[in-house]
Amino acid sequence: MVLLRCRNLPTCSLNHQLIHYFHSLSSSSSLSIHQHPQNDLLRCNSRIRELLRNRRVGEARNMFDEMAQRNSITWNSMITGYFRNGQVEEAKLLFDSFAGKNIRTWTTMVSGYTNNGKLEEARRVFNLMPERNVVSWNAMINGYAKYGDLKSARILFDGMPERDTKSWNTMITGYSHCGLLREARELFEQMQNKDIVSWLVMISGYVRSNDHVEAWNMFSKMHHGGVRPEQSIFVVTLSAITGLNSQTLIKMLQTVAIKTNFERDVKVGTAIMNAYTKTGKLELALDFFKTMSQRNEFTWTTIIGALSKSGRLEDAIAMYNQAPEKNVPTQTALLTAFAQHGKIHEARRIFEEIKNPNEITWNAMVTGYAQSGMLEEAGMIFQSMPVRNIESWATMISGLSQKGQSEEALNLLAELHRSGMVPNHSTFTSSLYACGNIDSLECRKMEDVHQVFNTMRVKDIVSWNTMVSVLSHNGKLVDARTAFEKMPQRDIVSWTAMMSGYAQARLGYLAFGLFLDMFASGVNPDQSSLTALLSTCADLGVAKHGKQIHALVFKLGLDFGISIGNALIFMYFKCGCEDGFQVFDEMPDRDVVSWNSIIDGSAENGFGMKAVELFEQMKSEGTRPDQISFVCILCACSHAGFIDKGWAYFNSMNRDYGIMPLEPHYACMVDLLGRAGHLYSAEDFIENMPIEPDSIVWKALLGACRIHQNVELGRRVAEKLFQLEPHNSGIYILLSNIYASLGMWKEVGEVRTLMRDRGVRKEPGFSWIQIKHITSYFVNGDKTHDRAEEIFSTLREFVERLKEYGYVPNTHFVLHDIEEEQKENALLYHSEKLAISYGILNTPDGSSIQIMKNLRICGDCHTFTKLLSKFTEREIIIRDNKRFHHFRDGSCSCGDYWRMPILLEGNKVKQLLMNLDVAEVNQMQNTMKPQLMSIEARVAAWTSLPEEMGRPCKYCSMRMVKTMSHIMAISMIRGNN
């Protein structure tokens, strides 16, 4: 009784307390403390442990200091208490001052350090131990396993002089928590003496890895082996059965529970009921609930939650009213039910009725507000919480990231990290989801994410996958690959995350290399991985690889779903292959992305009218166009010159669909007007935009000035662009080309000087072609290729033969002040011509050729390729940085609209017109001949042409009338009048 009273007077000295109470007690009621010092030491040690369990560390230390006698238990208890309360330095100081250290004291230090994540300090102490027992070894191994350092754990395990069952279980648990079930199973099978914990760890590991079949097999093996299952085994096995969604297995396990007298166990019974609810058998769960002889608060909360999740809120309320106790757990369950059904005010009312809400209750309220989109209110509840656990942080971070407040989510993650609390998988995954929503993550935030990831005790495969994905998304591919290589185990998501990173960075060769490694490792691709590869095929323009992946979809028996179909459409059209139409037609289901892909593909490949038809078909079939749909159709109208249709679609966006046009839509309209020659109308359109025009809008107008050689407007637009993007070489090149096309060589020199002064470099033009999996690259005048002499000879031969068909090199496209003969030579060796010649030399006669070019094809190469397609009887496909050009039988899918009209006077006009073939001359002649009566009539005729033929403005029509006289003259000369 003395020490019991002493504990209420912690500030008095121990001796003073003992003397005071000794004199106050009669000799018959108590014995002197000095007669039984051992009993008092035990009581003091017990009291210290009690204080430490209640986190009253200061009071425990005061008692420790005032004790006249201490033993090793006293010291070890105090050291353990410091560690459990996170006071690592105080524990170390106390350890250092203890002269009577025993093996348990040393082991306590090892365990304390490992439990606080300080593995290096733990290993230092472990190495200094004068002697070790199996408990010491287990403590160090457990520390390594807990933090995922399984290599170090295994080295220690293999070096143990003796092992007990806990040693084996610790190692198996480490492997299991890291998803290394194969390694865990190997150790498990080697165990001579398995206990119930060994079986529990293995079954739990398979459940955690979603291998529910193997979890059930493990339980069956245990049961048939004569091992009697315990409560925890039943509970975890029921989780496996839930994953298998098998009512039959639930009944089988229920039978086993009856035979082993566990059916009436409230935890097992609740788990059986919960399994029924999770497998969609709510009525069976309710029937089982009625038969339960014992129910605890978890039983009631489980059934209330199940009713709520099934949409039966009224039944959930009725069940709550039947509960014998309206305690915090049941009230929290009802609060959650209200929140799930959007009744946040009712949830708040329940919350305020709870006198002492626990952490689960607070978290439920935060979740309710977050799910209702009321993040401000969720934040207020979060800040008001007296104690926050890791779930509180996870809930808030998840809510912020899911509602798009990614910066705030990452800031909260950093705050969590600074608090010293280790995040769980949910917190980290939500944080990384937020990272994925930020286009370019700041280095500081990425460091925060790295630090948090490194502090996680156990990293499951989801955490690793998310980390790889976020690093890839933010362009940190080296770090992503490092993390990928460090992964203890990889699944299809791991491989896909890394491949997607390479695909996003346009490192297709690395993506394909990784795909082959994945295949070799025995992992079969799924829809997501194949979608990433199809994106890579599209970027590289390798239709052959894309077709192989298309075949692989069927070979593997994968579902030909919307995502695969959309990826195939995108790939085929990006490779200039019309098979995209067939894929679209064969798709059983389509979404708006499917329609956008087919419309955009049609536009890029020169099928403007087809794009319009598809857009109208989309609307008629009930698919509502979105922002991207209108970008696609406006782009199609721009490429095809459909001015009226373009205006109609643009105006319908807000009027018919409530979609506000954004910068890409305005850029398309400027491009549409500019290509048609309505330059000043395009400028007025920009000036009247309700939003600030960006560089894309102004560049569209500058490109139109280049086509129509409007130097005054071009100079003005370029000045605006220099302010927006002073280091964009394309702007300087466009302005320089305008000057060069008009012979303004002084101004050309000034632009080039300006580029040098500002450190702006022009992107060199190059073309490439892939033949038999080998990609060959060419630059202008490239003589480095192994077969350069043969390529040049073939090209010169083609030029001479085509001249017989009327081809005249159009030196207007040589933007240098050099002699005419030099200009012709410069045109001759453009990179696309070299690539075409190489392709003809290395492919069978009549086969198609596909060329890729990083810049826009020039007009002379365009004319040359048209004539060459007819002469060689081949289809030649060129993808430049704007669109596809399909050259067949002397014509191009673009209809030449992209370069019309470049109107020059005198000899230059004649040179341009000589590039037209007979069919083009006849078509234009038949259209114009009846109108050549007067200037006014001619102008009226041009402006009344259908927009499909590229109706120009009146200014351009006047100039085109002059052009027509040359057409007529050339036609007569050729004898085609």
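Some observations on this one:
- Selection of region 514-562 for residues being under 22 Å from MET852 (Cα atoms), among the small types (Gly, Ala, Ser) and open to solvent by 30 Å² or more (accessible area, probe 1.4 Å) yields only SER535.
- Of LEU200, LEU187, all but one fail to be under 17 Å from ARG154 (Cα atoms) and not small (Gly, Ala, Ser); the exception is LEU187.
- Selected residue (criterion: farthest from SER831 (Cα to Cα)) from residues of region 768-783 that are open to solvent by less than 90 Å² (accessible area, probe 1.4 Å) and touching a strand residue (DSSP E or B) at 6+ places or on another chain (Cβ under 6 Å): THR775
- Single residue of region 121-139 satisfying the filter (outside any helix (DSSP H, G or I) and more than 18 Å from MET171 (Cα to Cα)) that is least open to solvent (accessible area, probe 1.4 Å): MET129
- Top-ranked residue in region 444-484 [being within 20 Å of LEU533 (Cα to Cα) and either surrounded by fewer than 20 Cβ atoms within 10 Å (Cβ to Cβ) or charged (D, E, K, R) (or both); ranked as modelled with the lowest pLDDT]: GLY475
- Filter pass, GLU376 being part of a helix (DSSP H, G or I), open to solvent by 10 Å² or more (accessible area, probe 1.4 Å) and either under 26 Å from PHE289 (Cβ atoms) or hydroxyl-bearing (Ser, Thr, Tyr) (or both): no
- Pair list, Cβ < 8 Å and 6+ apart or interchain, from region 224-235 residues that are free of Cβ contacts under 8 Å to residues at least 24 places away in the same chain and open to solvent by 40 Å² or more (accessible area, probe 1.4 Å) to residues that are basic (Lys, Arg) and assigned to a loop (DSSP other than H, G, I, E, B): none
- Among (1) within 19 Å of ASN127 (Cβ to Cβ); (2) open to solvent by 40 Å² or more (accessible area, probe 1.4 Å) - the single one GLU90 does not satisfy: (1)
- Yes/no for SER695 being touching a residue at least 60 places away in the same chain (Cβ under 8 Å) and of a type in the set (Ser, Thr, Tyr): no
- Filter result for ARG70 (among the charged types (D, E, K, R) and part of a helix (DSSP H, G or I)): no
Each row is one residue, and each column tells you yes or no for (1) touching a His at 6+ places or on another chain (Cβ under 8 Å); (2) at pLDDT 90 or above; (3) open to solvent by less than 20 Å² (accessible area, probe 1.4 Å).
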site	(1), (2), (3)
HIS665	no, yes, yes
ALA676	no, no, yes
LEU679	yes, yes, yes
ALA682	no, yes, yes
PHE685	no, yes, no
VAL697	no, yes, yes
LYS720	no, yes, no
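- Annotation: of all residues in region 336-373 being among the basic types (Lys, Arg) and either surrounded by 19 or more Cβ atoms within 10 Å (Cβ to Cβ) or assigned to a loop (DSSP other than H, G, I, E, B) (or both), the one that is modelled with the highest pLDDT is LYS343.
- Inter-residue pairs, beta-carbon under 8 Å, first among the hydroxyl-bearing types (Ser, Thr, Tyr) and in region 565-588, second open to solvent by less than 40 Å² (accessible area, probe 1.4 Å) and assigned to a helix (DSSP H, G or I), 6+ apart: TYR572/ALA543; TYR572/GLY546; TYR572/GLY580; TYR572/VAL583; TYR572/GLY601
- Test result for LEU156, under 21 Å from LYS486 (Cα atoms), modelled with pLDDT of 90 or more and either among the hydrophobic types (A, V, I, L, M, F, W, C) or open to solvent by 20 Å² or more (accessible area, probe 1.4 Å) (or both): yes
- Scanning region 743-760 for residues that are closer than 25 Å to VAL697 by Cβ and exposed (fewer than 14 other Cβ atoms within 10 Å of the Cβ) gives a single hit, ARG758.
- Restricting region 132-168 to residues that are closer than 20 Å to ARG104 by Cβ and of a type in the set (Lys, Arg), the residue that is farthest from the chain's Cα centre (by Cα) is ARG132.
- All told, ILE857 falls short of being in a strand (DSSP E or B) and either surrounded by 16 or more Cβ atoms within 10 Å (Cβ to Cβ) or in contact with a strand residue (DSSP E or B) (Cβ under 6 Å, 6 or more places away or on another chain) (or both).
- Helices (runs of 4 or more DSSP H) fully within region 651-720 that include at least 1 residues being more than 25 Å from SER736 (Cβ to Cβ) and of a type in the set (A, V, I, L, M): 663-675.
The values are calculated or read from the model by the stated rules, or taken from the named source; none is laboratory data. What you are looking at is a predicted structure, and each value in this text was computed from that prediction instead of being measured. Using ideal geometry, Cβ is built from the backbone for each residue, glycine included, and neighbour counts are taken over all protein chains shown. Heavy atoms of the whole protein, side chains included, go into the accessibility calculation; ligands, DNA and RNA do not. Shrake-Rupley method; radii C 1.70, N 1.55, O 1.52, S 1.80 Å.
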